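Trainee: Here it is, the structure in full.
The values are calculated or read from the model by the stated rules, or taken from the named source; none is laboratory data. Note that this is a predicted model, so its numbers are computed, not measured. Glycine gets a Cβ as well: all are built from the backbone with ideal geometry, and neighbour counts include every protein chain shown.
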Amino acid sequence: MVCTDSPGADPYQADVFWLGSFFSRNEDMMWDNWSVTGFVNANLGTVRQLKSGTWTKTVDIAGVAANLRVNYRYGQTEQDAITLDALYSSGDNGIEDGTYSGVLTGNNWGSPGGIFISSGSYLLFPHGNVVNRLVAAVNDIANRGNGLTGGTLNLSKAFIPHRWYGKVGVASAFSNVEASGNGGFIIGSEVNGMTGLQLGPFMNVELHGAFMSLGDYYDSPATNGGVAERPANPWTAFLVFKWLMF
Amino acid sequence: MKYVLYSVLVSVLLITGCVSQRPTQVRTMADIGYPFPVRQVVLDNDLSVAYMDEGTGDQTLLFIHGLGSYAPAWKKNMDGLKNEFRCIAIDLPGYGHSSKGDYPGDMRFYADIVAQLIHKLDLAHVTLVGHSMGGQIAVTTGLGYPELIDQLVLVAPAGYEQFTNGQRQWFREILTSDAVRLTTVNQIRENFATNFYRFPKDAEFMIQDRIAMRTADDFRWYCDIIPKNVRGMVNDPVYDFLPNLTMPVLSLFGEYDNLIPNRFLNGGSTLEIARQGSSRIPQSVLIMIEKAGHFVQFEKSDEVNAAIRGFLKA
């Protein structure tokens, strides 16, 4: 990919390519008790800047993101499961050293990509039922270029098979780079829960709720849009009605 | 950093790209191997029914398989019961080694087949053992030919769960011959796995046979009969007629049956449906088998065999 733009003091060109793969085994958790999915994706390239009329290579890009999700079905249905989801994305705190080891996703250019919507968290990572995916603490796995190490643990249970179900979950994440200006590494931790009823074929009503404790990553004005104080811990509760009609 | 990343990614690509499968192939469905010798009986309408006939005894167990299945699905039950009973497992017409053709595939058609087979083989003291759709066929036979049947053993039978008119219509329309024909290997595997609480390794032969039969010349008739069977089950419901059964009936269910009740249309517990159906039968015994799914006779064959033995000797 070649980008030519002038966002900063000097025009730049970037050649970036992505290489990655995903894998899955027993995604629907029916072959046996264990299900594993994941991906590895890397962005590699260079940035050249126009300085004094000459294009000069200024930054080497090499970032990677990886995910591993392991499910164990302990009961009858796919809703009787324990799910552990781990996510890593490499990070960087600037390009002054001539390298950028963070992750570049489609979000960098305004197209959705790198959103992590199926982890089961609501406030730390975006949730699939929430329309505005930019309200999560980590709305893109690049985490503003700082990268992250995080994960979720969810325990779900079908109280009545294929009719009434619920789950409780926890999520936590750490920035791989300390937030500049009084900030730390801890992005935060979340507890959440959900219960739902299957009213008919592909028709569900669900009540969701979550609370998140923000970490010292939010003590930095660079993280808070210029505000020095850590924001109040967020919570959410919402009711959804889902009906897939076909 | 870059070189490390290149190495890791190339390795991941190689690993994820190297999954291959080479399915077994058969020329006709009759080439699929069975665990016991297969015999054929020709009925009045020139239909040929394949069956495995093992063991001896005063009582005959006549095993009827379910939708999309075949006689070998009973092999563990025949193994476990043949020392006390004569065990006959049939392939329904349209399936396995039996004749194929443009058959109606409804429940009364199969009940007539079962009755004819009992006459042709001159069987006495017959207990029908039907699984899933085979259970509904057994009930239909018991209602239509009560004089031929001593007892019924219904293993996770279709017909205990009720459906609305709209749901029946959905069943009629959802499954087509092409959908059966084009079922992918992964989907075949998942369909079988859904029949079990924990898929046992020794059930793998069912998956391999189902994959292999796709290359058979007569596979198209198998694809044709399955949607007809589904329509037959919803068009000939037996729920209202269960009180008319005159013989003793043993109902067996796996408590973790993911097919009964239908998980998309109704949901709920299997026990609820099992009680609902069996309570309508005058001489009824219900046994729930723990930690078993829809294919309970294979997954928990020892428990099922013991339950059948106890029921027949009571």
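Trainee: Can we say A:Gly188 is in contact with a helix residue (DSSP H, G or I) (Cβ under 8 Å, 6 or more places away or on another chain) and not hydroxyl-bearing (Ser, Thr, Tyr)?
Mentor: yes
Trainee: Only one of A:Phe39, A:Phe17 is within 12 Å of chain B (Cβ to nearest Cβ), in a strand (DSSP E or B) and under 27 Å from A:Phe174 (Cβ atoms). Can you tell me which?
Mentor: Numbers: A:Phe17 fails: under 27 Å from A:Phe174 (Cβ atoms).
Exactly one of A:Phe39, A:Phe17 is within 12 Å of chain B (Cβ to nearest Cβ), in a strand (DSSP E or B) and under 27 Å from A:Phe174 (Cβ atoms), namely A:Phe39.
Trainee: A further question on this structure: So A:Val70 passes all but one of these: (1) of a type in the set (Val, Ile, Thr); (2) surrounded by fewer than 16 Cβ atoms within 10 Å (Cβ to Cβ); (3) touching a Phe, Trp or Tyr at 6+ places or on another chain (Cβ under 6 Å); (4) closer than 25 Å to A:Gly147 by Cα. Which condition number does it fail?
Mentor: Condition not satisfied by A:Val70: (3).
Trainee: Does A:Asp28 satisfy the criteria of being facing chain B (nearest Cβ under 9 Å) and of a type in the set (D, E, K, R)?
Mentor: Considered against the rule, which asks whether it is facing chain B (nearest Cβ under 9 Å) and of a type in the set (D, E, K, R), A:Asp28 comes out as yes.
Trainee: Condition check: within 14 Å of chain B (Cβ to nearest Cβ), outside any strand (DSSP E or B) and free of Cβ contacts under 8 Å to residues at least 24 places away in the same chain. Does A:Glu78 satisfy that? Spell out the reasoning first.
Mentor: Working: within 14 Å of chain B (Cβ to nearest Cβ): yes; outside any strand (DSSP E or B): yes; free of Cβ contacts under 8 Å to residues at least 24 places away in the same chain: no.
Against the criterion (within 14 Å of chain B (Cβ to nearest Cβ), outside any strand (DSSP E or B) and free of Cβ contacts under 8 Å to residues at least 24 places away in the same chain), A:Glu78 does not qualify.
Trainee: OK, next. How many of the residues in region B:75-106 are part of a loop (DSSP other than H, G, I, E, B), free of Cβ contacts under 8 Å to residues at least 60 places away in the same chain and of a type in the set (Gly, Ala, Ser)?
Mentor: 2
Trainee: On to the next question. Just give me the residues in region A:1-24 being surrounded by 13 or more Cβ atoms within 10 Å (Cβ to Cβ) and either under 21 Å from the mean Cα position of the chain (by Cα) or at pLDDT 85 or above (or both), in sequence order.
Mentor: Within region A:1-24, A:Pro11, A:Tyr12, A:Gln13, A:Ala14, A:Asp15, A:Val16, A:Trp18, A:Leu19, A:Gly20, A:Ser21, A:Phe23, A:Ser24 qualify.
Trainee: Find all pairs meeting these conditions: Cβ atoms under 9 angstrom apart; at least six residues apart or on different chains; first residue within region B:287-298 and without any contact (Cβ under 8 Å) to a residue 60 or more places away in the chain and of a type in the set (Asp, Glu); second residue crowded, with 24+ Cβ neighbours inside 10 Å and not in a loop (DSSP other than H, G, I, E, B).
Mentor: B:Glu290/B:Gly254
For (1) at pLDDT 95 or above; (2) closer than 21 Å to B:Ala307 by Cβ, each residue gets a yes or a no:
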residue: B:Thr24; (1), (2): no, no
residue: B:Leu43; (1), (2): yes, no
residue: B:Asp53; (1), (2): yes, no
residue: B:Ile64; (1), (2): yes, yes
residue: B:Gly80; (1), (2): yes, yes
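Trainee: Quick check on my filter: what residues within region A:94-103 are buried (at least 19 other Cβ atoms within 10 Å of the Cβ), of a type outside the set (Gly, Ala, Ser) and either in a loop (DSSP other than H, G, I, E, B) or away from every other protein chain (no Cβ under 12 Å) (or both)?
Mentor: Start the filter on region A:94-103 by keeping residues that are buried (at least 19 other Cβ atoms within 10 Å of the Cβ), which leaves A:100-103.
Still in the running and of a type outside the set (Gly, Ala, Ser): A:100, A:103.
Within region A:94-103, just A:Val103 meets the criteria.
Trainee: Among the residues of region A:45-66, is any within 14 Å of chain B (Cβ to nearest Cβ), at pLDDT 95 or above, surrounded by 15 or more Cβ atoms within 10 Å (Cβ to Cβ) and within 30 Å of A:Thr195 (Cβ to Cβ)?
Mentor: No; the residues of region A:45-66 include none that is within 14 Å of chain B (Cβ to nearest Cβ), at pLDDT 95 or above, surrounded by 15 or more Cβ atoms within 10 Å (Cβ to Cβ) and within 30 Å of A:Thr195 (Cβ to Cβ).
Trainee: Quick one: would you say B:Val41 is part of a strand (DSSP E or B), touching a Lys or Arg at 6+ places or on another chain (Cβ under 6 Å) and either in contact (Cβ under 8 Å) with a residue 40 or more places away in the chain or surrounded by fewer than 18 Cβ atoms within 10 Å (Cβ to Cβ) (or both)?
Mentor: Against the criterion (part of a strand (DSSP E or B), touching a Lys or Arg at 6+ places or on another chain (Cβ under 6 Å) and either in contact (Cβ under 8 Å) with a residue 40 or more places away in the chain or surrounded by fewer than 18 Cβ atoms within 10 Å (Cβ to Cβ) (or both)), B:Val41 qualifies.
Trainee: Might you let me know whether region B:273-282 holds any residue that is over 25 Å from B:Lys201 (Cβ atoms) and within 14 Å of chain A (Cβ to nearest Cβ)?
Mentor: Yes, there is a match, as at least one residue in region B:273-282 is over 25 Å from B:Lys201 (Cβ atoms) and within 14 Å of chain A (Cβ to nearest Cβ).
Trainee: For residues in region A:27-37 being under 25 Å from the mean Cα position of the chain (by Cα) and crowded, with 19+ Cβ neighbours inside 10 Å, which is modelled with the highest pLDDT?
Mentor: The residue in question is A:Ser35.
Trainee: Quick check on region A:205-222. Is at least one of its residues farther than 30 Å from A:Phe185 by Cβ and more than 24 Å from the chain's Cα centre (by Cα)?
Mentor: Yes, because at least one residue in region A:205-222 is farther than 30 Å from A:Phe185 by Cβ and more than 24 Å from the chain's Cα centre (by Cα).
Trainee: Output the residues belonging to region B:156-173 that are in contact (Cβ under 8 Å) with a residue 24 or more places away in the chain and closer than 22 Å to B:Gly268 by Cα.
Mentor: B:Ala156, B:Pro157, B:Ala158, B:Gly159, B:Tyr160, B:Glu161, B:Gln162, B:Phe163, B:Gln167, B:Arg168, B:Trp170, B:Phe171
Trainee: Would you point out which residue out of B:Asp224, B:Asp236 is among the acidic types (Asp, Glu) and either modelled with pLDDT of 95 or more or surrounded by 20 or more Cβ atoms within 10 Å (Cβ to Cβ) (or both)?
Mentor: Result: B:Asp224 is the single residue among B:Asp224, B:Asp236 that is among the acidic types (Asp, Glu) and either modelled with pLDDT of 95 or more or surrounded by 20 or more Cβ atoms within 10 Å (Cβ to Cβ) (or both).
Trainee: Considering only region B:116-149, state which residues are of a type outside the set (Gly, Ala, Ser), surrounded by fewer than 24 Cβ atoms within 10 Å (Cβ to Cβ) and part of a helix (DSSP H, G or I).
Mentor: Of everything in region B:116-149, those that are of a type outside the set (Gly, Ala, Ser), surrounded by fewer than 24 Cβ atoms within 10 Å (Cβ to Cβ) and part of a helix (DSSP H, G or I) turn out to be B:Gln116, B:Leu117, B:Ile118, B:His119, B:Lys120, B:Leu143, B:Pro146, B:Glu147, B:Leu148.
Trainee: Can you tell me which of A:Ala66, A:Ala9 is more than 30 Å from B:Asp202 (Cβ to Cβ), touching a residue at least 12 places away in the same chain (Cβ under 8 Å) and aliphatic (A, V, I, L, M)?
Mentor: That would be A:Ala66, the only listed residue that is more than 30 Å from B:Asp202 (Cβ to Cβ), touching a residue at least 12 places away in the same chain (Cβ under 8 Å) and aliphatic (A, V, I, L, M).
Trainee: Between residues in region B:241-267 that are within 14 Å of chain A (Cβ to nearest Cβ) and residues that are aromatic (Phe, Trp, Tyr) and assigned to a loop (DSSP other than H, G, I, E, B), which pairs lie under 6 Å by C-beta distance while being six or more apart or on different chains?
Mentor: So the pair list comes out as B:Tyr256/B:Tyr197.
Trainee: A further question on this structure: Restricting to region B:262-278, what's the tally of residues that are under 25 Å from B:Phe311 (Cα atoms) and touching a Lys or Arg at 6+ places or on another chain (Cβ under 9 Å)?
Mentor: 1
Trainee: Quick check on B:Phe63: is it over 25 Å from B:Gly105 (Cβ atoms) and among the hydrophobic types (A, V, I, L, M, F, W, C)? Write out each step before concluding.
Mentor: Working: over 25 Å from B:Gly105 (Cβ atoms): no; among the hydrophobic types (A, V, I, L, M, F, W, C): yes.
So B:Phe63 fails the test.
Trainee: Quick one: which residue in B:Ile174, B:Ile188, B:Ile211 is within 14 Å of chain A (Cβ to nearest Cβ) and farther than 25 Å from B:Val139 by Cβ?
Mentor: So the residue among B:Ile174, B:Ile188, B:Ile211 that is within 14 Å of chain A (Cβ to nearest Cβ) and farther than 25 Å from B:Val139 by Cβ is B:Ile188.
Trainee: Could you identify the single residue in B:Arg172, B:Arg214, B:Arg210 that is part of a helix (DSSP H, G or I), over 16 Å from the mean Cα position of the chain (by Cα), surrounded by 15 or more Cβ atoms within 10 Å (Cβ to Cβ) and not hydrophobic (A, V, I, L, M, F, W, C)?
Mentor: Result: B:Arg214 is the single residue among B:Arg172, B:Arg214, B:Arg210 that is part of a helix (DSSP H, G or I), over 16 Å from the mean Cα position of the chain (by Cα), surrounded by 15 or more Cβ atoms within 10 Å (Cβ to Cβ) and not hydrophobic (A, V, I, L, M, F, W, C).
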